[in-house]
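Participant: Just dropping this structure here.
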Amino acid sequence: MKQDTQYNWITTAIFLTILTVTVALFFTFSEIDTRDLSWWLSLGSLVLAELLSYMFSFKLLKGGHEFKAAVPAYLSLGTVLFFYDLAVLIHIVLFWIILDVSAQAYLWIHLLTFAVALVIALLLGLAKVFVRRQEEDERMRLQSMKQLQLVVHAARLELEGWQHAERETLLDLLRKLEEQVKYSDPISLPAMVLEEAQLMEKADRLEASVRSAVRERHTLYSAEELRGMIQDLSNAIRLRNEQLAILK
């Protein structure tokens, strides 16, 4: 945290130094009667470019972990910002100092340059959001199968404490079910969301039923019903895997 604060202070100091030098140069090498609209446009555009660069650098320092996770997006935005800064300098030198175009034309040149850079940056931002949502969806689907495996594992552990003649038979079925979940494709597709939600419901119901059979004396669940639930969940997983293989 202390190191991040130092980086922020250094970045701010660099920005303020560059800003001060820019403003000083503009005011030092100009007369009051020459400070027309084009002069103010040049100064404002240059200060805006410097401010955007500072904000981008500050964002990188503040969100270091996020930057590492989304390097292509940030590099793209940085490239757009670099070319915008370069375009502003070229406009000042070429259209203001050398060609001395009219103030209205000069204004439109800067506005169009800023608009183009803004549109490109917004499109890159949308792409970044889309990619992040895709990654989050994939992570959630991956966690879904992991959660299913944990629920089945918990049901097996619970069943190991059941004093019943059918315990070993059911444990055998649950071990096979665990293996089936373990070797199922962990990465799903958006089209399979409903099916996987139903899988979780079946798994949760199985785990709750096993817990009831083991812990409650007057349970409503018999060994035969538990066997049927295990088989039903196994069939549902097999069907899910087959559908997923077809869709992929």
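Participant: Condition first: more than 30 Å from Arg35 (Cα to Cα) and either open to solvent by 50 Å² or more (accessible area, probe 1.4 Å) or aliphatic (A, V, I, L, M) (or both). Can you find one or more residues in region 104-120 that meet it? Reasoning before the result, please.
Facilitator: Of the residues in region 104-120, the ones more than 30 Å from Arg35 (Cα to Cα) are 119-120.
If we keep only those that are either open to solvent by 50 Å² or more (accessible area, probe 1.4 Å) or aliphatic (A, V, I, L, M) (or both) too, we end up with 119-120.
Yes, that holds for at least one residue.
Participant: Being farther than 30 Å from Ser209 by Cα, in a helix (DSSP H, G or I), touching a helix residue (DSSP H, G or I) at 6+ places or on another chain (Cβ under 8 Å) and at pLDDT 90 or above, is that true of even one residue in region 57-77?
Facilitator: no
Participant: Find all pairs meeting these conditions: Cβ atoms under 8 angstrom apart; at least six residues apart or on different chains; first residue within region 96-125 and of a type in the set (S, T, N, Q); second residue at pLDDT 95 or above and assigned to a helix (DSSP H, G or I).
Facilitator: Final answer for the pair search is Thr113/Tyr84; Thr113/Ala87; Thr113/Val88; Thr113/His91.
Participant: Considering region 179-206 alone, what residues qualify as being within 16 Å of Leu239 (Cα to Cα), in a helix (DSSP H, G or I) and open to solvent by less than 50 Å² (accessible area, probe 1.4 Å)?
Facilitator: Gln180, Val181, Met192, Glu196, Ala197, Leu199, Met200, Ala203
Participant: Something else about it: Can you give me the number of residues within region 92-114 that are in a helix (DSSP H, G or I) and over 19 Å from Leu19 (Cβ atoms)?
Facilitator: If we filter region 92-114 for residues that are in a helix (DSSP H, G or I), which is where we start, we get 92-98, 103-114.
Those left that are additionally over 19 Å from Leu19 (Cβ atoms): 93-98, 103-109, 111-113.
Counting residues in region 92-114 that are in a helix (DSSP H, G or I) and over 19 Å from Leu19 (Cβ atoms) gives 16.
Participant: Among the basic types (Lys, Arg), surrounded by 13 or more Cβ atoms within 10 Å (Cβ to Cβ) and closer than 30 Å to Ala245 by Cα: is that true of Arg133 in this structure?
Facilitator: Values: among the basic types (Lys, Arg): yes; surrounded by 13 or more Cβ atoms within 10 Å (Cβ to Cβ): no; closer than 30 Å to Ala245 by Cα: yes.
Against the criterion (among the basic types (Lys, Arg), surrounded by 13 or more Cβ atoms within 10 Å (Cβ to Cβ) and closer than 30 Å to Ala245 by Cα), Arg133 does not qualify.
Participant: Restricting attention to region 21-38, which residues are part of a helix (DSSP H, G or I), without any contact (Cβ under 8 Å) to a residue 40 or more places away in the chain and either of a type outside the set (S, T, N, Q) or open to solvent by 90 Å² or more (accessible area, probe 1.4 Å) (or both)?
Facilitator: At the first step, the residues of region 21-38 found to be part of a helix (DSSP H, G or I) are 21-28, 32-34, 37-38.
If we keep only those that are without any contact (Cβ under 8 Å) to a residue 40 or more places away in the chain as well, we get 21-28, 32-34.
Within region 21-38, Val21, Val23, Ala24, Leu25, Phe26, Phe27, Thr28, Ile32, Asp33 meet the criteria.
Participant: Looking at Leu244, Leu148, Leu142, Leu174, can you tell me which residue is surrounded by 13 or more Cβ atoms within 10 Å (Cβ to Cβ) and out of contact with any helix residue (DSSP H, G or I) (no Cβ under 9 Å at 6 or more places or on another chain)? Give the derivation first.
Facilitator: Values: Leu244 fails: out of contact with any helix residue (DSSP H, G or I) (no Cβ under 9 Å at 6 or more places or on another chain); Leu148 fails: out of contact with any helix residue (DSSP H, G or I) (no Cβ under 9 Å at 6 or more places or on another chain); Leu174 fails: out of contact with any helix residue (DSSP H, G or I) (no Cβ under 9 Å at 6 or more places or on another chain).
From the options Leu244, Leu148, Leu142, Leu174, the qualifying one is Leu142.
Participant: Can you name every residue in region 126-150 that is of a type outside the set (Val, Ile, Thr) and free of Cβ contacts under 8 Å to residues at least 12 places away in the same chain?
Facilitator: Pass one, region 126-150, residues of a type outside the set (Val, Ile, Thr): 126-128, 130, 132-150.
Leu126, Phe130, Arg133, Gln134, Glu135, Glu136, Arg139, Met140, Gln143, Leu150, listed by residue number.
Participant: Identify all residues within region 207-231 that are open to solvent by less than 60 Å² (accessible area, probe 1.4 Å) and closer than 21 Å to Met145 by Cα; write none if there are none.
Facilitator: Glu207, Ala208, Ser209, Val210, Met229, Ile230
The values are calculated or read from the model by the stated rules, or taken from the named source; none is laboratory data. Computed from a prediction, not measured in an experiment: that's the story for all the values here. Cβ sites come from the backbone with ideal geometry, for glycine too, and all protein chains shown count toward neighbours. Accessible surface is based on the protein model in full, side chains and every heavy atom, while ligands, DNA and RNA are left aside. Shrake-Rupley method; radii C 1.70, N 1.55, O 1.52, S 1.80 Å.
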